Amino acid sequence: MKLKICAGSNCTLLGSLSILDQIDDLKEIISEDAENYRDEGLEVEVIKCLGYCKETNEQVAPVVVIDGEPMFNATSQAVMEKIVNKIRK
């Protein structure tokens, strides 16, 4: 699974680095409980800016892209749920 976390100024101010920390914690949980999760690696890439804020006048930060699907106004909980639901056996 490929994850892109925006680290632009808007996204960082609104919590993208906290989401990144949660993903790192989730990686550990998954590795310790491998029997309940598919062996699908989490490829995490931190991007300086994904550009979504510039494309709209609406508030979309923080932005996380999971397998090409952007999540706007992402929260740690929503991102973790999406990841877990995709890789749970």
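Each value in this text was obtained by applying a stated rule to the coordinates, not by laboratory testing. Quick caveat, the model's predicted, so the values are computed rather than measured. For neighbour counting, all protein chains shown are included, and Cβ atoms are generated from backbone atoms with ideal geometry for every residue, glycine included.
Quick look at the values:
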{"quantity": "Lone cysteines, the chain (no partner Cβ under 4.7 Å)", "calculated": "CYS49, CYS53"}
{"quantity": "Simple label model, 7 Å out from Cα along Cβ direction - ASP39 to ASP21, nm", "calculated": "3.3 nm"}
{"quantity": "Per-pair calculated FRET efficiency, R0 = 41 Å: GLU28 and LYS54 via Cβ, rounded to 0.05", "calculated": "0.75"}
{"quantity": "Cleavage-rule hits (GluC sites (Glu not before Pro)) in the chain: DSSP loop, at most 13 neighbouring Cβ within 10 angstrom", "calculated": "GLU40, GLU58"}
{"quantity": "Length added when fully stretched, ALA78-VAL46, from 0.36 nm per residue minus Cα-Cα", "calculated": "9.7 nm"}
{"quantity": "³J(HN,Hα) computed for each position of segment 29-43 - Karplus, 6.51 cos²θ - 1.76 cosθ + 1.60, integer Hz, glycine/proline x", "calculated": "4, 5, 5, 7, 10, 4, 5, 9, 10, 5, 7, 10, x, 9, 9"}
{"quantity": "Long-range amide H partners of ALA61 with built H, under 5 Å", "calculated": "ASN73"}
{"quantity": "In segment 5-83, the trypsin sites (Lys or Arg not before Pro) that fall in loop regions by DSSP, at most 14 other Cβ within 10 Å", "calculated": "ARG38, LYS48"}
{"quantity": "Per-residue ³J(HN,Hα) for segment 51-66, Karplus 6.51 cos²θ - 1.76 cosθ + 1.60, θ = phi - 60°, Hz, x for Gly and Pro", "calculated": "x, 5, 5, 6, 7, 9, 8, 7, 7, 10, 6, x, 10, 10, 10, 10"}
{"quantity": "Cα gyration tensor shape of the chain, rounded if a/c is under 1.5, else prolate or oblate by comparing a/b with b/c", "calculated": "prolate"}
